[in-house]
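K.L.:
To start, I am sharing the structure in question, which I have written as structure tokens.
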Amino acid sequence: MVAAWITALPRSPRVLRRTALGALLGAASGLARAAKPAVLLRFSHVVAPDTPKGQMALRFQALVHERAGGRIRVEVFPDSQLWGDDDEMEALRLGAVEMLAPSLSKFGNAGVPEFEVFDLPYLFADLAQVQRVTQGAVGRGLLQRLGRQQMLGLGFLDNGFKQMSATRPLRTPADFSGLRVRVQASRVLAAQMRALGARPVVLPFGETQRALASGVVDAAENPLSNFLTQGLAPWQPHLTLTQHGYLGYAVVSNPRFWASLAPTDRALLDSALADALAHGNRLAAALDQQALATLRRTPGVMLHQPAAAERAVLRRAVQPAWDGLRRSLGPGLLDDVQNALITG
Ligand code: SIN
């Protein structure tokens, strides 16, 4: 009920939405007092429900409700309704939300720079390679490092590979020259765009559509499910299938919240999340293909497939992003990731 009111709120300005949200939640908490669950878990994220992250969060909610018999309630807030990606991790640390799944690119800026390894362009050939890293020892080590920033890392989720969009095709470095490209707050992504001759502009995800519509930025990189569900096509009619970088998520919680749970509740949440993540990871490639099929049929959208030779030129051009990360992190983690790609 509350979620329905919140969904009906205008998307901006976010401050107004938050104020209204606070009032609604206050009223709703009064209504809900009669049948208060033992545990309330708010899961906030920034994308649409019909994406790998949106679907994973809803599956987690359904599984918890089915297995906990009313003891635990999960409330899911999509589309930056509760927190945006510029303040969600601070909200988690302060206990204003219990679960998030920020994109891996956001953790560097939050004090865990090792996660920026996932932003390296052309690092992964496919999702199977990604999973060799995220589901193995390297992934477990990275989740543990989140503890340094008062976050408990619970698991990884795929979205997919990013494609470039703009008002023109982007097949060669010359095509990028001078473009203002929206990027997430990651040094690797900024270096990648600079290496291509573009100007990186860091913006929260929830502000990207307006920035493109008003001409504050000219271009963006997104996996197809995000491009489609954010309605970017009218402002970005040229979609070049560069497949140049990976976008995935780490599910995190507040360690104090997690420690405060009864062991049986913690075990229930752990197992529901493992099942929901497996569901989301199975779904990711299918949603990507569905989005591609929809975009192919969308009037006004022009898809461009770079040739192998064009892809090789782009790949060489972004080498400075690799050099920068190797300098800042040292070779250790990068070597571990590259070994995991081969051996699992
Ligand atoms: C997300 O998928 O959570 C957002 C990614 C972005 O900021 O581009």
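Each reported figure results from applying straightforward, stated rules to the coordinates on display, with no laboratory input. What you are looking at is a predicted structure, and each value in this text was computed from that prediction instead of being measured. Positions of Cβ are backbone-derived with ideal geometry, glycine not excepted, and every protein chain shown enters the neighbour counts.
K.L.:
Could you tell me the distance between the Cα centroids of region 235-256 and region 145-216, to the nearest Å?
P.N.:
If you average the Cα positions of each part, the centres end up 9 Å apart.
K.L.:
If you add up the charges near Ala321, with Lys and Arg at +1 and Asp and Glu at -1, over every other residue whose beta carbon is less than 14 angstrom from its beta carbon, what do you get?
P.N.:
Around Ala321, the charge tally is +3.
K.L.:
Taking amide H positions as placed in the peptide plane 1.01 Å from N, state which residues far from His304 in sequence (5 or more) or on other chains have amide H under 5 Å from it.
P.N.:
Under 5 Å from the amide H of His304 lie the amide H atoms of Leu239, Thr240, Leu241, each far enough along the sequence or on another chain.
K.L.:
Can I ask one more? With runs of 4+ DSSP H residues as the only contributors, calculate the mean residue ellipticity of the chain at 222 nm using -39,500 (n - 2.57) per run, divided by the residue total and rounded to the nearest 500.
P.N.:
-14500 deg cm²/dmol
K.L.:
Here's a follow-up. Under the rule of at least 5 residues apart or a separate chain, name every residue whose amide H is placed under 5 Å from the amide H of His244.
P.N.:
The answer is Lys162.
K.L.:
Nearest 10 degrees, 0 to 90: what angle lies between the long axis of helix 263-297 and the longest principal axis of the chain (Cα atoms)?
P.N.:
Once rounded, one gets 40 degrees.
K.L.:
Using amide H atoms built in the peptide plane, which far-off residues or other-chain residues are under 5 Å from Arg42 H to H?
P.N.:
The list, which skips near neighbours in sequence, is Glu75, Glu98, Met99.
K.L.:
Still on this structure, I have one more. Through the Karplus equation 6.51 cos²θ - 1.76 cosθ + 1.60, θ set to phi - 60°, convert the phi angles of region 191-208 into ³J(HN,Hα) values in whole Hz; use x for Gly and Pro.
P.N.:
So the J values, rounded to whole Hz, are 5, 4, 5, 5, 4, 8, x, 9, 10, x, 10, 7, 9, x, 4, x, 9, 5.
K.L.:
So what is the relative contact order of the chain, in percent, for Cα pairs below 8 Å that sit 6 or more residues apart?
P.N.:
23 percent.
K.L.:
May I ask you to list the lysines whose Cα is less than 17 Å away from that of Lys162, ignoring any residue fewer than eight positions away on the same chain?
P.N.:
Lys53, Lys106
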